[in-house]
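Student: Sending over a structure as structure tokens; questions will come in a sec.
The values are calculated or read from the model by the stated rules, or taken from the named source; none is laboratory data. The structure presented is a predicted model; accordingly, all values stated were derived computationally and were not measured. Counting neighbours? That spans all protein chains shown, and the Cβs are built from the backbone with ideal geometry, glycine included.
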Amino acid sequence: MSALRWTAAGTDGGARAGVLRTAHGTVPTPVFMPVGTAGTVKAMTADSVRATGARMILGNTYHLMLRPGAERVARLGGLHRMADWHGPILTDSGGFQVMSLSGLRKMDADGVTFRSHIDGSAHRLTPERSIEIQHLLGADVTMCFDECTPFPATEAQTATSMRLSMAWAARCRAAFVPRDGYGLFGIVQGGVFNALRAESVAALTEIGFEGYAIGGLAVGEGQAEMYRVLEATVPLLPADRPRYLMGVGTPDDLIGAVARGIDMFDCVLPTRSGRTARAYTSRGVLNMRNARHAEDLSPLDPDCPCPACQKHSRAYIHHLIRADEILGPMLLTWHNIQYYQTLMGRLRAAILDGRFTEEAAAIRAGWQERAIA
């Protein structure tokens, strides 16, 4: 039986290019995975997501277990069939969403009891149930159920949280059903404390996983601190396994994390920004609500192949946004996902050509040519 696997294709400094092989196809890395929380990338059809070059998306255990229900998704043929997504899918474990419910949850050593934010109904998530739900969804990459340590937290609080997550990781490993092309990722916790991060890596590598994620970052610690934690943690991870930085981030965050050896990313930023009138471009970030765009016939980004840029002007998109037409957020979401896919393609090509540092500098210089509008 051959589990999901990652193979290296080239390196340039700390940056890596590779290929992730899954039951539903191969994915070149570094890769940005659009977030499809409830079985859809918001404001996008599966065809439009594919058209951006995206090869892998996310699903959300917490939201899908509540609505329409994991067992129902399984009866409907799994998340791939239901969502018309034929490529790989990674599902998060539900831990982040459950932990963010604060007053609606009660945690113990075995798992978490919580009330639905939708209708107040009671639910229970344990490591075993999280793995079972992700199996029912049909995820190519299953994530361990963990406690997302709050920020800020003391070193003692962080240590207790991390050690609980490591105990749960062992239970997730035991509950996971191995299949060809499928894999389970462990999640490194430990906050901003190097020794705790190292302890977490040691615990996870002793258990053994098909890939390793770094969680608990981009939660308010700032970019410099995030980079510092990555620099201390990434070298400890197995070099022959994929490395996934969860919930990150801005284009600048992605470049910095790729430089430090990260292979996989996800973030709601490109889709959420599309719904709030912001466009990421090769010349910086545009706020399409601003009046300066009202009569601008130029595209969002002349270098972008997406329909928003190829068929429409800034003036038209500005009009759609001001008129509250749903097409405006749809076009901006498509554009932002396209921008992220193009960015990752440029970084991958640069790694393989041995010019990552120069390409990163050129991309960042482009952003400085025009201030945020």
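Student: For segment 166-180, give me the residue count where each residue is within 22 Å of the chain's Cα centre (by Cα) and outside any helix (DSSP H, G or I).
Tutor: 1
Student: Residue check, Leu58 against (1) assigned to a loop (DSSP other than H, G, I, E, B); (2) touching an Asp or Glu at 6+ places or on another chain (Cβ under 7 Å), all met but one. Which one?
Tutor: Every listed condition holds for Leu58 apart from (1).
Student: Can you work out which of the residues in segment 72-105 that are in contact (Cβ under 8 Å) with a residue 60 or more places away in the chain and either over 22 Å from Asp146 (Cα atoms) or outside the structural domain of Gly211 (by TED's automatic domain parsing) (or both) is surrounded by the fewest Cβ atoms within 10 Å (Cβ to Cβ)?
Tutor: The selected residue is His86.
Let's see how each residue does on (1) assigned by TED's automatic domain parsing to the domain that holds Ile255; (2) crowded, with 23+ Cβ neighbours inside 10 Å; (3) not in a helix (DSSP H, G or I):
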site: Leu297; (1), (2), (3): no, no, yes
site: Cys304; (1), (2), (3): no, no, yes
site: Glu325; (1), (2), (3): no, no, yes
site: Leu332; (1), (2), (3): no, yes, no
site: Thr342; (1), (2), (3): no, no, no
site: Ala362; (1), (2), (3): no, no, no
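Student: Can you spot a residue in segment 42-56 that is in contact with a Lys or Arg (Cβ under 8 Å, 6 or more places away or on another chain), in the same structural domain as Gly183 (by TED's automatic domain parsing) and buried (at least 22 other Cβ atoms within 10 Å of the Cβ)? Steps first, please.
Tutor: Filtering segment 42-56 for residues in contact with a Lys or Arg (Cβ under 8 Å, 6 or more places away or on another chain) gives 42-43.
Filter once more, so that each one left must be in the same structural domain as Gly183 (by TED's automatic domain parsing): 42-43.
Then keep just the ones that are buried (at least 22 other Cβ atoms within 10 Å of the Cβ); that gives none.
No, segment 42-56 has no match at all.
Student: Looking only at segment 108-129, filter to residues that are polar (S, T, N, Q) and part of a loop (DSSP other than H, G, I, E, B); which one of those is surrounded by the fewest Cβ atoms within 10 Å (Cβ to Cβ)?
Tutor: Ser121
Student: Suppose we filter segment 228-251 for residues that are touching an Asp or Glu at 6+ places or on another chain (Cβ under 9 Å) and more than 14 Å from Gly216 (Cβ to Cβ); how many remain?
Tutor: 3
Student: Could you please give the count of residues in segment 210-238 that are within 19 Å of Met264 (Cα to Cα) and either free of Cβ contacts under 8 Å to residues at least 60 places away in the same chain or touching a His at 6+ places or on another chain (Cβ under 8 Å) (or both)?
Tutor: Count: 17.
Student: Picking from Glu147, Glu132, which residue would you name as being acidic (Asp, Glu) and either in a helix (DSSP H, G or I) or over 23 Å from the mean Cα position of the chain (by Cα) (or both)?
Tutor: After applying the criteria, what remains is Glu132.
Student: Something else: In segment 231-262, what count of residues is obtained for those that are within 16 Å of the chain's Cα centre (by Cα) and of a type in the set (A, V, I, L, M)?
Tutor: 8
Student: Let me ask you something else. Could you count how many residues in segment 343-372 are basic (Lys, Arg) and touching a Ser or Thr at 6+ places or on another chain (Cβ under 9 Å)?
Tutor: Going through segment 343-372 one residue at a time, the tally reaches 2.
Student: Still on this structure, please answer the following. Those residues that are part of a helix (DSSP H, G or I) and modelled with pLDDT of 95 or more, I need them from segment 67-107; list them, please.
Tutor: Listed by number, the residues that qualify are Ala70, Glu71, Arg72, Val73, Ala74, Arg75, Gly78, Leu79, His80, Arg81, Met82, Ala83.
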